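Heads up, the thing below is written out as structure tokens.
The values are calculated or read from the model by the stated rules, or taken from the named source; none is laboratory data. This is a predicted model, so every value here is computed, not measured. Glycine also receives a Cβ, built like all others from the backbone with ideal geometry; neighbour counts cover every protein chain displayed.
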């Protein structure tokens, strides 16, 4: 039986970033559908107090390094070398942190390398100088030395084709896992009868200030904005400025999936400000709720929603679009989002596509 090693995540179970959710659902698909390969997942030993050797028929191997930040480079390299040493037939690399070692891997191993290059990470505003140069180099190495390249969005695939002259397999993310957790009540201040919802990391590229500015002038539509406001000076400044606006509720991160299900399910509309990074998991997840989505107008969000969301490029457009949203239009846009999600963004669809590419 062939061995497939999955690398590049913090690990499973219990860490629910985008790649961790992807990895866990690949493992779940492998178990439910009795896929005849031996599956191995690499995990960060530093993130788990208990370290089981298996999970849902997948073997777990641990590396004693942090999987995030600068140390992710060494973490991925060590994982890659371990996968080669253990004789893996296929290596699935999620992200490009360790991709600079792929030329060596190709020399010393006959393993087939499948890399999900994630978003165009080096273009994100937070990366400057040497970090940006290294991320761009890593992307180039991943595209050149992988046997198969996976992009999570047609916009990413277009970038790879334009920059490197190479075709990608386009496989997005599932979002139907949002219904696994039972509904749990939100125990903070009582929710408004109608409200807009935003949920993301508080970073400039997610157009946080634009969204807050728009809804600060829309008192008829309260905004609940969930994010890590205290993780940066940028977030702290925005929270200080806008928390005095009575109909804006700037909430700290919520990790309880049941509470998030409640907030998402009761929202009148969802605002998605991401401008980079391909197919964003939070957008795909929200589409399953059948709620109208107002998304920042960029190629990634247009591809994800088949161009059927409502789009904005600035605070004035966002404010006027939200104000003009009628009940009929709201129902129509929400229904379109749900149809697309059920057709393209279920884990059954995504799992089947991954194992087709793995071969």
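What to note about this one:
- Residue in region 35-42 that is within 22 Å of the chain's Cα centre (by Cα), surrounded by fewer than 18 Cβ atoms within 10 Å (Cβ to Cβ) and under 27 Å from residue 170 (Cβ atoms) present: no
- When we screen 357, 349 for residues that are assigned to a helix (DSSP H, G or I), more than 26 Å from residue 210 (Cα to Cα) and in contact with a strand residue (DSSP E or B) (Cβ under 6 Å, 6 or more places away or on another chain), the only hit is 357.
- Restricting attention to region 87-108 and to residues that are modelled with pLDDT of 95 or more and part of a loop (DSSP other than H, G, I, E, B), the residue that is surrounded by the most Cβ atoms within 10 Å (Cβ to Cβ) turns out to be 88.
- Scanning region 191-228 for residues that are part of a helix (DSSP H, G or I) and either crowded, with 22+ Cβ neighbours inside 10 Å or under 25 Å from the mean Cα position of the chain (by Cα) (or both) yields a total of 10.
- Selection from region 125-169 of residues that are part of a strand (DSSP E or B) and crowded, with 22+ Cβ neighbours inside 10 Å: 149, 150, 151
- Looking only at region 231-241, residues that are under 27 Å from the mean Cα position of the chain (by Cα) and either at pLDDT below 95 or surrounded by 13 or more Cβ atoms within 10 Å (Cβ to Cβ) (or both) come to 7 in all.
- Among the residues here, residue 225 qualifies as in the same structural domain as residue 335 (by TED's automatic domain parsing), under 21 Å from residue 188 (Cβ atoms) and out of contact with any helix residue (DSSP H, G or I) (no Cβ under 6 Å at 6 or more places or on another chain).
- Of the strands (runs of 3 or more DSSP E) contained entirely in region 1-71, those carrying at least 3 residues that are in contact with a strand residue (DSSP E or B) (Cβ under 7 Å, 6 or more places away or on another chain) and without any contact (Cβ under 8 Å) to a residue 60 or more places away in the chain fall at 38-44, 58-63.
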